[in-house]
């Protein structure tokens, strides 16, 4: 007989994360392609401006340097594909490329989000997996680690909290 414990058993290779920084991005109004050639809705939203800050780095989002081109699937899942530029306070340019998903936990929450209304982060799933291209120097740690982003959707903006996998 196998006994299953009521608590999770730690795994020797369980990932450990360290908070890296939070990006706050103001977004432009979306442009929609409906339906796209894939039978879903494609959008384009530009990163109008923003800032980022964490224990080892801070700076700004370079205005209009890129954006997100999400695919809205018929089941309501949004498949993100974002690319834009950051600039650290010391002038270092940083290319960010991020993929991820957002989906509401109920149809009612999905309708609120579609109207760009404020909802609780507990009411939806929004996670991203970024990659950074950074020149050699004080911030090259960003291009040597895996990151996970836990995102917040706020009206006309996103806040993404990035955690570095140690």
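Numbers for the structure displayed
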quantity: Single unsatisfied condition, residue 68 versus (1) touching a helix residue (DSSP H, G or I) at 6+ places or on another chain (Cβ under 8 Å); (2) within 24 Å of residue 154 (Cβ to Cβ); calculated: (1)
quantity: Any hit, region 108-117, residues being under 20 Å from residue 166 (Cα atoms) and in contact with a strand residue (DSSP E or B) (Cβ under 9 Å, 6 or more places away or on another chain); calculated: no
quantity: Number of the condition not met by residue 105 [criteria: (1) over 22 Å from residue 155 (Cβ atoms); (2) without any contact (Cβ under 8 Å) to a residue 24 or more places away in the chain]; calculated: (1)
quantity: Residue pairs meeting the criteria (Cβ under 6 Å; at least 6 apart or on separate chains; first surrounded by 16 or more Cβ atoms within 10 Å (Cβ to Cβ), in region 3-32; second modelled with pLDDT of 90 or more and part of a loop (DSSP other than H, G, I, E, B)); calculated: 20/54; 21/54; 21/57
quantity: Every residue from region 98-107 that is over 17 Å from residue 161 (Cβ atoms) and in contact with a strand residue (DSSP E or B) (Cβ under 8 Å, 6 or more places away or on another chain); calculated: 103, 104, 105
quantity: Boolean, residue 146 is without any contact (Cβ under 8 Å) to a residue 60 or more places away in the chain, loosely packed, with under 15 Cβ neighbours inside 10 Å, within 14 Å of the chain's Cα centre (by Cα) and farther than 14 Å from residue 23 by Cα; calculated: yes
quantity: Subset tally (residues that are at pLDDT 95 or above, part of a loop (DSSP other than H, G, I, E, B) and surrounded by fewer than 16 Cβ atoms within 10 Å (Cβ to Cβ)) for region 106-137; calculated: 3
quantity: Unmet requirement for residue 86, which otherwise passes all of (1) surrounded by 15 or more Cβ atoms within 10 Å (Cβ to Cβ); (2) closer than 21 Å to residue 18 by Cβ; (3) free of Cβ contacts under 8 Å to residues at least 40 places away in the same chain; calculated: (3)
quantity: Residue tally, condition touching a helix residue (DSSP H, G or I) at 6+ places or on another chain (Cβ under 6 Å) and either surrounded by fewer than 17 Cβ atoms within 10 Å (Cβ to Cβ) or outside any strand (DSSP E or B) (or both), over region 92-105; calculated: 1
quantity: Residue check for residue 91: at positive phi and free of Cβ contacts under 8 Å to residues at least 12 places away in the same chain; calculated: yes
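The values are calculated or read from the model by the stated rules, or taken from the named source; none is laboratory data. These numbers come from a predicted model, not from an experiment. Using ideal geometry, Cβ is built from the backbone for each residue, glycine included, and neighbour counts are taken over all protein chains shown.
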